[in-house]
Amino acid sequence: MNRHEYRAPTKNRPMPTEKVKERLATLPRQPGVYFFRDARDTIIYIGKAKILTNRVRSYFTNSYDDGRRQIHALVRNVADVDYIVTASEAEALILEAILIKSHLPRYNIFLKDDKKYPYLMLTDEDFPRLLVTRRVRKGEGRYFGPYTEVRAMRRALETVHRLFPIRTCDPPLPSGAITRPCLQYEIKRCMAPCVGYQTKEEYGELTDQVALFLKGRYDQVSQILTEAMQIASDDLNYERATELRNRLRDVERITEKQRVTSTGMENRDIVAVVREDHEACAVVLEMRSGRVIGRKQHALAVALDDAAEVVMSAFLRQYYLDALTIPPEILLSDPVEDADDVARWLTDQQEDGRNVVLAVPQRGEKARMVEMAGENARLMLIERQTRREKARDRIPHPVSALERDLRLESTPRRIECIDISHTAGSDTVGSLVCFINGKPRKNEYRHFQIRSLGDTPDDYASMREVIRRRYTRVAEEEETASDLLIIDGGKGQLSSAKQVLDEMGFDEQPVMGLAKRLEEVFRPGLPKPVMIPRTSSALKLLQKIRDEAHRFAVEYHRKKRSAHLKASELDAIPGVGDRRKKDLLKHFGSVKQVKLAAVHEIAEVPGIGPQLAEVVADHLKSGGSQESSGG
C-alpha cells in the first residue's frame with residue numbers, strides 16, 4: 001500500500017469526513033504539531049508527533065487506544081486536520097506546550113489557573129529598583145518568580161526592602177535636580193545614591209545581593225555580608241560593620257525559618273500531581289541550598305482516562321515554559337511521557353548549562369520530599385472541592401431577596417418559568433426555562449409543542465397542557481419539581497396553572513404570575529398583586545427569568561412557523577411540486593422573498609413560466625398573520 005493511500009477504519013471507530021480523509025492522505029513523514037478542528041473551525045486538540053502521518057492516522061484506526069472514551073469523543077468531533085512541521089521532535093515538544101497555553105483546546109490537558117502571575121523585577125537602570133510586574137520583557141531587567149500567591153510576593157518585596165537599602169523612588173538616576181536625600185535615607189532604608197552618597201558600583205553590589213536572596217541563595221548572601229563586614233571592621237569603619245552585621249543576622253534569621261528538608265545543599269524542585277475525576281492539582285516545592293523556599297500550586301483540567309505520565313508531561317512542559325530558573329534536579333511523583341525529550345528541553349533552558357535530571361524516587365529522603373509535595377497537592381485539591389461546594393451552597397442575594405419579598409417558606413434555589421407563544425393561534429408552543437441559584441441551567445430548558453388546540457388561540461388551555469405534561473414527569477419521578485414556578489402572565493394564566501397543580505396533587509407547589517404591563521406579581525389566593533419595590537434585586541431576577549422564558553418560546557415558535565411555512569405554503573400551490581419548490585427557494589432564498597417578488601421575477605425561475613408565476617404570487621400574497629406571545 002502507498003503510504004499516502006487511506007485505509008478505512010473498522011466499524012468500531014467513527015468514520016472521518018471526506019475533508020479529513022484528504023488531509024490524512026497528504027500528511028508529511030516529518031516531526032511537527034498537529035491540530036484537530038471541529039465543524040466550527042475551533043481547535044479542539046493539539047498534539048505532537050515524531051512522524052506526523054503515522055501519529056495522526058493512528059487516531060482513525062481501531063488499534064489505537066480503543067479503551068479510551070476521550071479518544072472516541074475527540075475523533076467524532078474532528079472536521080478538519082492541520083499541522084506545523086518542525087525541525088525536530090524536541091521543537092514539536094515545546095511548540096505543542098506554547099500552542100496549548102494559547103488556545104486551551106477542549107480535549108487537551110492544561111493549567112486551569114494559568115494566567116499572568118506577578119514577578120519581581122530588578123530594573124535595568126544604573127541604580128535599579130525592585131518592581132512588581134506581570135509581563136516579562138527581555139532586556140528590561142532581572143526577573144524573579146512567577147509568584148502564584150500574591151501575598152508571598154508581597155512578603156518577599158517587604159523583606160528585601162527591610163534587609164537591603166535599595167531605592168523605591170521613581171526619578172531616573174543620576175539626577176542633578178535632587179539636592180537632598182529623602183526620608184528613606186533618614187530611616188536607613190536607602191543610602192541616597194540620588195545625591196551621591198552611594199556610588200554606582202556600591203549600589204550594584206547591593207542589587208547583586210538582592211538577586212541572590214530572591215533566588216534563595218542565602219548562604220552566598222551570608223558569605224558576602226560576612227566578608228564585607230570583616231573588611232569594614234579592618235578599616236575601622238565600625239558603623240558600616242555594625243550595619244552589615246545587623247543585615248547578616250536578619251538574613252540568618254530568615255534562613256533559620258525555612259524548613260530544612262535535606263542534609264545537603266541541593267537545588268531542586270519537587271513536583272507532585274494528585275488527581276480525582278476531571279480535576280488535578282500540582283504542587284511544586286522549590287528547594288534552594290537544601291531548604292524549601294517556596295511552594296507553587298496549579299489546578300489542571302484532565303480527562304478521566306489520561307495516564308499519569310501524560311498528565312505529568314503536560315504539566316512540566318507548561319509550567320517550565322515561562323520559568324526563569326530551572327534547577328538541575330526535578331523529583332517527580334509520577335514518570336513522564338517522553339522523559340528524554342523533556343529532560344533535553346529543560347537542559348537547554350537551564351541557565352548554567354548543567355544537565356537537568358528527572359527522577360521518581362522510590363525510597364529514602366527524596367521519596368519523603370515527594371510525599372510531602374503530594375500531601376500539599378492533596379490538601380489543595382480538597383480545598384478547591386470544599387470551596388466549590390460552599391459556593392454551591394451559598395445563596396445569592398437576589399434569591400434570598402425573592403424568598404423575603406414573596407414570603408416563601410423555603411429558599412427558591414430552583415426556579416422555573418413557563419411561557420406560551422403563537423401566531424394568531426397557529427403553531428402554538430410552550431417553553432420552560434430553569435434557573436439554579438439565580439443562574440440559567442440551559443440543559444434543563446424544555447420546549448413544548450401544544451397538541452390539544454389545533455389553530456384555536458387559547459393561552460389558558462395551552463398553559464394547562466404544559467403544566468400537566470411537566471408535572472406528569474415530576475409525578476413519575478423522572479424530573480425534579482421547582483422551588484418556585486413562575487407563570488408568564490396575569491391572574492388568568494396563574495389560575496389555569498394552579499387548577500392543574502391542585503388536580504394533580506401538587507397543591508403545595510409555590511407558584512406565582514408575573515404580568516408584563518405593570519410588572520405585577522400575583523400569588524394564588526391573594527386578590528391584589530404583591531408589591532415588590534422597583535429597586536429590589538428580587539424583581540430584577542424575576543424579570544430576567546421571565547424575559548429568558550419569553551425569548552426561548554418565541555425562538556422555538558419562529559423556527560416551527562418557518563418550517564411550517566416552508567412545508568405548507570409552497571406545497572399548497574397548484575402546480576408547484578417538490579422540484580419547483582426547491583427551485584423557488586434556491587432562487588429567492590426564502591418563502592418571504594418569494595412573497596416580495598414581482599410576477600415577472602418569479603417567472604424567470606426555471607420551470608415556472610408567466611402563467612404559474614401569477615398563480616404563485618396570488619396564492620402567497622393572499623395570506624398574512626401576526627406573531628404574539630401569551631401573557
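The values are calculated or read from the model by the stated rules, or taken from the named source; none is laboratory data. Given the structure is predicted, the values throughout are model-derived calculations rather than measurements. Note that we place each Cβ from the backbone using ideal geometry, even for glycine, and neighbour counts take in every protein chain shown.
Taking the condition of being in a loop (DSSP other than H, G, I, E, B) and touching a strand residue (DSSP E or B) at 6+ places or on another chain (Cβ under 7 Å), how many residues in the stretch 516-534 meet it?
Within the stretch 516-534, residues that are in a loop (DSSP other than H, G, I, E, B) and touching a strand residue (DSSP E or B) at 6+ places or on another chain (Cβ under 7 Å) number 4.
Go through (1) in contact with a helix residue (DSSP H, G or I) (Cβ under 8 Å, 6 or more places away or on another chain); (2) under 30 Å from Ala211 (Cα atoms); (3) of a type outside the set (S, T, N, Q); (4) at pLDDT 80 or above for Val81 and report which single condition fails.
(2)
Only helices (runs of 4 or more DSSP H) wholly contained in the stretch 535-614 count here; list those with 1 or more residues that are of a type outside the set (D, E, K, R) and in contact with a His (Cβ under 7 Å, 6 or more places away or on another chain).
Qualifying helices (runs of 4 or more DSSP H): 537-568.
On the basis of being outside the structural domain of Pro361 (by TED's automatic domain parsing) and modelled with pLDDT of 75 or more, does Glu239 make the cut?
So Glu239 fits the description; yes.
Any residue at all in the stretch 334-352 that's at pLDDT below 90, of a type in the set (A, V, I, L, M, F, W, C) and surrounded by fewer than 16 Cβ atoms within 10 Å (Cβ to Cβ)?
There is no residue in the stretch 334-352 that is at pLDDT below 90, of a type in the set (A, V, I, L, M, F, W, C) and surrounded by fewer than 16 Cβ atoms within 10 Å (Cβ to Cβ).
Among the residues of the stretch 383-393, are any surrounded by 14 or more Cβ atoms within 10 Å (Cβ to Cβ), basic (Lys, Arg) and out of contact with any helix residue (DSSP H, G or I) (no Cβ under 7 Å at 6 or more places or on another chain)?
Looking for residues that are surrounded by 14 or more Cβ atoms within 10 Å (Cβ to Cβ), basic (Lys, Arg) and out of contact with any helix residue (DSSP H, G or I) (no Cβ under 7 Å at 6 or more places or on another chain), one finds at least one in the stretch 383-393, hence yes.
Of the conditions (1) surrounded by fewer than 17 Cβ atoms within 10 Å (Cβ to Cβ); (2) under 47 Å from the mean Cα position of the chain (by Cα); (3) more than 30 Å from Lys296 (Cβ to Cβ), Glu202 clears all except one; give me its number.
Only one criterion is unmet by Glu202, namely (2).
If you take the residues of the stretch 334-350 that are of a type in the set (D, E, K, R) and out of contact with any helix residue (DSSP H, G or I) (no Cβ under 7 Å at 6 or more places or on another chain), which of them is farthest from Ala367 (Cα to Cα)?
Selected residue: Asp348.
Matching residues to (1) assigned to a loop (DSSP other than H, G, I, E, B); (2) more than 28 Å from Glu279 (Cα to Cα):
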| position | (1), (2) |
| --- | --- |
| Ile98 | no, no |
| Asn108 | yes, no |
| Ala156 | no, yes |
| Asp170 | yes, yes |
| Cys194 | no, yes |
